[in-house]
Amino acid sequence: MSQQHTPLVVGNWKLNPTTLEAAKKLFLAVRTGLPRTTLTTVAIAPPLPFITELARLSARSRIQLGAQSVFPVNSGAHTGEVSLPMLESVGINMVIVGHSERRARGLTNEEIRDALATLSKSTVTSILCVGETKRDKEGHYYSVVENQLRSALALVPKVKLNRLVIAYEPVWAIGSGKQATPEDVYEMKLFIQKVIAQLFGRSAIPKVRILYGGSVVAAGVEDLLTVGQMDGFLVGGASLKPKEFISIINSTEKNGKKTAKN
Ligand code: PGA
């Protein structure tokens, strides 16, 4: 089944750049280079200290702002955390949840589940990251992804699935310069959809967008969209290079049109 969504390209800046000045420069370079189009949704998830300034710069642009994580409690004695009402109050409308770099630092399945449950009570879009650390010939990586999905989605109501995006990000592909093949990505998309159907029923499948992340560069985008049937991309390293990021958006715009209906 081919999924039909408007494409989504999200830049995950991670812990970059190191100053507000550099963040503004990078953001403006992307804003200036964006194609005049309304099809592809473009979002950037910068480090939180830059959000307010970038929200000002994004005000009249088509760039949406995302956060790289959220704590599932609104306020209280939780040093170092940031809550959903805080993010909403500075104009964030997308949040990445369960990125492998946070899982590696101890983020638990329960925290991911609770973050998605909290987000599902709002109008903010959740981008849930799933992916195996390694591929094996026996296909155990499928059960890794299945467990991540079942656990993370346990408290998300079906009616909120249209605000859920799943980013398939094989950990071995992140920052390695090695992308998953479009064929492998397509198989994983079908598998993710199968799990969604088991959890929520077949009618849930078209509600959920599925992105690919892991060493995305412009050169691989066409095949990942057409053969891989991805609905877009979560881009790390290449989102820090405005020309490359804009090429990814342009290529998504061109090839996403072949499959998108709305
Ligand atoms: P990468 O990162 O594009 O640098 O591989 C992707 C991600 O971690 O979201």
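Each reported figure results from applying straightforward, stated rules to the coordinates on display, with no laboratory input. All values derive from a computational prediction rather than experimental measurement. Note that we place each Cβ from the backbone using ideal geometry, even for glycine, and neighbour counts take in every protein chain shown.
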Too long for a 29 Å Cα-Cα cut-off, among 194/243; 14/134; 121/194; 14/243, are 194/243
Taking every other residue with Cβ under 11 Å from the Cβ of residue 74 and scoring Lys and Arg +1, Asp and Glu -1, one gets -1
So, with points 7 Å from each Cα along the Cβ direction, the residue 254-residue 52 label distance in nm works out to 4.2
Which of 178/254; 178/241; 24/160; 158/189 exceed 27 Å between C-alpha atoms? The answer is 24/160
If each part is reduced to its alpha-carbon centroid, the stretch 86-165 and the stretch 4-65 end up apart, in Å, by 22
Summing -39500 (n - 2.57) over every DSSP H run of at least 4 residues in the chain and dividing by its residue count gives a helix-only mean residue ellipticity at 222 nm, to the nearest 500 deg cm²/dmol, of -11500 deg cm²/dmol
Residue 15 and residue 133 label points (each 7 Å along its Cα→Cβ direction) are spaced in nm at 1.9
For the chain, one quarter of the surface area of the C-alpha convex hull, expressed in nm², comes to 13.0
Which of 86, 230, 94 fluctuates most in a GNM of the chain (C-alpha springs under 10 Å)? That residue is 86
